[in-house]
């Protein structure tokens, strides 16, 4: 709504149908041109500045949030048309609950109204092929808003061309804590016992030992040690099975001949030398990928670009885990309701330019390496 | 851009004459601005949606038109990128000139009194300052390390003069952690050059390594303050959180804690004790904001400062960062 700045005459000129058509064509052209270069796969936006905008233009704060929602719709359209796969937006922080009750209620109402409107226009969303996901702590939200959220999520869950992550209500530290909790809970589940087979291992070992006592050889020692450990572990699992099947010793000689090797080839799935924690997964196998997979943004490409408007140069607990490696963080001076293609375009072009330079440098270094290998 | 009447109708869900908007009317307002339905989905849902999509024609293939459109896009793309290259070079030249002017205007002459005068007008100073530095490994035999240590000494001297008690230096490879005594000596020498006799005391440490502060005889006069420097590397970022997760997993397997006991406060306490607390201000001396593996947990409310197209460590960047910090408002969600 940059028309709020313009005088009446300019407003009339820009909103006339020919000018509108021309601007629309120009936008399509620019977005289509940018698609040819590298496009960020995952973009995050911090929608900051609604209240300041409302104060500057002497309108109500709630109206400022409405205009912010429109700016969001415009930017989402630009992003999806350019080929961005995942867009993450910071809609509401857990810290924002500290705001005045009136404002928090108004924001929740707006969320409910917009989401139920969304649910009514199902096939419009399908045109963009975007599915909505809500990240954050659901327990802090009122049940009627939760209903609207769940309906919107269920409606769009079939789309797979693009994803919209709405962080509502969200704090990055909370997300990291949840990921750690999830990982620890996963690693605290003991392994399930082995499947019950009809043969009882204790019975088999008794059979072997009784027959091999007559034949003197070194093998029973090795067999006995492994079968001892095997039987001690599977004792509780197979106690019920041992009573059920009592195969005839004479007829099962052929079977028992094969079974010791089968027994050895299925070792127990933990080292008997460890203590009671041995039937849990090894915590040494936890890596940062494990934690990344437990984050709410699991399964999405890594964050490429983070944009924050309104001139504030902080991260404010947003995507701390995801953006601290190679993400390009851009801080813009404009306020969120004014954010449009004309402010986003320079950011996108600069990102493309930097990415192209990085790819060129990589290609050069790969060529240099190949040349060195050939020379050697 | 949408007409004014439609905008207000869409906002308030009510037509100008008072009737509430129905679903169909809302769709009619939006329809001209939506993209065409993709071919696959329109084929799959043909029977149900043909009634609704009467206004959109099926997308007939027009190869010539597509080819021309594609060429036009290529032309515009190359034009945009050429113009952008020119613009970026101009911008870099401008910024280089401005930086030189600032550097001359605000040269510190290695006197702490000048630096103190520069920061006197600021309403608040960061208690914990953090800096990200780059180690240039391609420098010929060791000059990269020398430059890095020089930068560290300079920044330490400026922070001590401005009265900032804690300074943490992040450098991705962590090469400085292998040279702690030498770095300490260099910083000590720089302090002597800056302060003369009344140097502030210095302690240099890295997480999980013992602190290095050789015993120095306290001066008879006033104690000019203490600067503690913390060296960080990429290991102190994600890997510390992963280590914490491993420890918590082991404790949970032994039954000492349950997963529900893990709360942000617990993790915060552990991490700030083992690595560092939260910095107030983070200064980047590179041209863009890229965190390069900086510890993610502590940077939650940190003010991040950088100068576009800046490539070197300069005092004027430091001063501008402090000025910016003093003006920043912390709203904490409200």
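We did not get these values from a lab; they are worked out from the coordinates using the rules stated. Keep in mind the model is a prediction, meaning the values are calculated, not measured. Cβ: placed from backbone, ideal geometry, glycine included. Neighbour counts: every protein chain shown.
What is the average number of partner chain Cβ atoms found within 10 Å of a Cβ in A:351-364?
Mean partner shielding for this stretch: 1.
Classify the range A:25-161: rounded, prolate or oblate, from the alpha-carbon gyration tensor (a ≥ b ≥ c, eigenvalue square roots; a/c under 1.5 rounded; otherwise prolate if a/b is larger than b/c)?
In terms of gyration-tensor shape, oblate.
What is the packing order of peptides A:151-157, A:27-33, taking the mean over residues of other C-beta atoms within 10 Å and listing the highest first?
In decreasing order of mean packing, A:151-157, A:27-33 become A:27-33, A:151-157.
Given labels modelled 7 Å from the Cα in the Cβ direction, how far is it in nm from residue B:114 to residue B:93?
3.0
So for each of A:356-368, B:312-324 I average, over its residues, the number of other beta carbons within 10 Å; can you give me the resulting order with the highest mean first?
So the order, starting with the most tightly packed, is B:312-324, A:356-368.
Once you put a point 7 Å from the Cα of residue A:215 and another 7 Å from the Cα of residue A:12, both along the Cβ direction, what distance in nm separates them?
The two pseudo-label positions are separated by 10.9 nm.
Taking square-rooted eigenvalues a ≥ b ≥ c of the alpha carbon gyration tensor, is the range B:168-307 rounded, prolate or oblate, where a/c under 1.5 means rounded and, failing that, a/b exceeding b/c means prolate?
Note, shape of the range B:168-307 comes out prolate.
In what sequence, highest mean first, do B:244-254, B:193-203, B:291-301 appear when ranked by Cβ atoms within 10 angstrom?
B:291-301, B:244-254, B:193-203
Taking R0 as 56 Å, what FRET efficiency do you get between residue A:282 and residue A:103 from their Cβ-Cβ distance, rounded to the nearest 0.05?
0.70
Average partner chain C-beta neighbours within 10 Å, per residue of A:314-321?
6
Would you please give the FRET efficiency between residue A:360 and residue B:122, computed as 1/(1 + (r/R0)^6) with r the Cβ-Cβ distance and R0 = 51 Å, to the nearest 0.05?
0.75
Average partner chain C-beta neighbours within 10 Å, per residue of B:289-300?
For this peptide, the per-residue mean of nearby foreign Cβ atoms is 6.
What FRET efficiency comes out for residue B:226 versus residue B:254 if R0 is 30 angstrom and r is the Cβ-Cβ distance? Round to the nearest 0.05.
Calculated value: 0.15.
Once a ≥ b ≥ c are taken as the square roots of the eigenvalues of the Cα gyration tensor of the range B:63-105, is the result rounded (a/c under 1.5), prolate (a/b larger than b/c) or oblate (a/b not larger than b/c)?
prolate
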